[in-house]
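Report on the following structure.
Coordinate-derived values only; no laboratory data. Fair warning: this is a prediction, and the values are worked out from it, not measured in the lab. Positions of Cβ are backbone-derived with ideal geometry, glycine not excepted, and every protein chain shown enters the neighbour counts.
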Amino acid sequence: MAEEPAPLEEPGHESLDMIEEITRNDGSKYMEIGNMVHNGRAEFAAEKKFIKEVRILKLNIPESANVIKYEDYINHHFLMQGWDMDHWEEWIKTPEMQAVVDAILRENQVG
């Protein structure tokens, strides 16, 4: 079971509005709720071979209660990686947050 990451001293301000499928280097895949900045960083990470690939599955998803809850979690626990990254940081989800992501996928008929 994933442990909740330590909260940031100052939360971020990312709005999440897309669903991505990210393929790790071992071939396993996971779904992420991201935005254009996150997707750009993931594309860069794929070019640097930190991940295998990223695909956008759905753009402009509605800002549902679940999306707002997940945004709050991400903004309080993770910073958007910069262009100077030396690895890909996968956003670790607690079981509760994985359930929220699963609900977002269902709401948007993805997966």
Quiz item: Does Ile22 qualify as being under 13 Å from the mean Cα position of the chain (by Cα), in a strand (DSSP E or B) and surrounded by 12 or more Cβ atoms within 10 Å (Cβ to Cβ)?
Solution: yes
Exercise. Could you list, in sequence order, all residues of the range 31-60 that are within 13 Å of Val100 (Cβ to Cβ) and of a type in the set (Val, Ile, Thr)?
Key: Ile33
Quiz item: Here are some conditions: (1) among the β-branched types (Val, Ile, Thr); (2) loosely packed, with under 15 Cβ neighbours inside 10 Å; (3) in contact with a Gly (Cβ under 8 Å, 6 or more places away or on another chain). Ile68 meets all but one. Which one does it not meet?
Solution: (3)
Self-check item: Residues of the range 1-27 satisfying the condition of being among the acidic types (Asp, Glu) and either in contact (Cβ under 8 Å) with a residue 12 or more places away in the chain or in contact with a helix residue (DSSP H, G or I) (Cβ under 9 Å, 6 or more places away or on another chain) (or both)
Solution: Glu3, Glu4, Glu14, Asp17, Glu20, Glu21
